[in-house]
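Report on the structure given below.
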Amino acid sequence: MTARSKLRQRFVLIALYVALPSALILAMLVGWMMAVENATVVLQSADSPDGRFRAEVVREDPGVSSSYEYKVRVMPAGLTPLAKSLRVLPFGPVYVALDVHREPDKLQVRWSGPKEVTISCQGCGGTIPVNGQWRDVALKYDMK
């Protein structure tokens, strides 16, 4: 056997035992994240006055083991469904500004400026807001 054929044989083995399973696992992960995104219902959305950002009130169905979760998420406007589903990655474009595990009476978002969004929630008195800033967007909370 020549050195070239040995190298080719090693490359085939690496492809079979490393690259192919890794690609299959990655494809299954992306499919699972897309399925989770399809279980999400957007209840309200509002674009910033300059059209750069979008704030959404969403209801997620985590499955049969628990009840619905209500979230407010902020993201750049015009994201594809795939980009929205990649929000769990560290570089994901979607930021979860509020996560309510019980049904709120009223959850709303409204932009008070191009870089300031107000999140209002009646029935969320015990909920702790996450952060006051995401990128250059200020997050204001009105919890009752």
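The values are calculated or read from the model by the stated rules, or taken from the named source; none is laboratory data. Since this is a predicted model, take the numbers as computed values, not measurements. Don't worry about glycine lacking a Cβ; one is built from the backbone with ideal geometry, like all the others, and counts go over all protein chains shown. Heavy atoms of the whole protein, side chains included, go into the accessibility calculation; ligands, DNA and RNA do not. Shrake-Rupley method; radii C 1.70, N 1.55, O 1.52, S 1.80 Å.
Run the simple label-point estimate for VAL41 and LYS140 please: 7 Å along Cα→C-beta, distance reported in nm.
Rounded to a tenth, the inter-label distance reads 3.0 nm.
Which whole-number percent gives the relative contact order of the chain, counting Cα pairs below 8 Å spaced six or more residues apart?
17
Taking all protein chains together and a probe of 1.4 Å, list VAL130, VAL41, VAL109 from the most accessible to the least accessible.
VAL130, VAL41, VAL109
Find which of GLN44, SER120, LEU26 sits farthest along the positive direction of the dipole of the chain, computed with +1 on the beta-carbon of Lys and Arg, -1 on that of Asp and Glu, about the Cα centre.
Sorting the options by dipole projection puts first LEU26.
Run the dipole for the chain about the Cα centre, Lys and Arg Cβ at +1, Asp and Glu Cβ at -1, nothing else charged, and hand back the magnitude in debye, nearest 20.
So the dipole magnitude of the chain works out to roughly 800 debye.
Mind grabbing the accessible area of THR80 for me, 1.4 Å probe, Å², rounded to tens?
We get 80 Å² for THR80.
Given that just one value was derived from the coordinates, which of [x] 1.21; [y] 1.14; [z] 0.99 is Rg/Rh (Cα atoms, Kirkwood Rh)?
The calculated read-out lines up with [x].
I'd like the accessible area for PHE11, computed on protein heavy atoms only with a 1.4 Å probe and all protein chains in place. Round to 10 Å², please.
We get 140 Å² for PHE11.
Leaving out ligands and nucleic acids, note down the accessible area per residue over the chain with a 1.4 angstrom probe, in whole Å².
Per residue, the chain has an accessible area of 63 Å².
Please report, as a whole percent, how much of the solvent-accessible surface of the chain comes from carbon and sulfur atoms (probe radius 1.4 Å).
Percent of accessible area from carbon and sulfur atoms in the chain: 60.
Near LYS115, which lysines are there with a Cα under 26 Å away, not counting those fewer than 8 places off in the same chain?
LYS71, LYS84, LYS106, LYS140, LYS144
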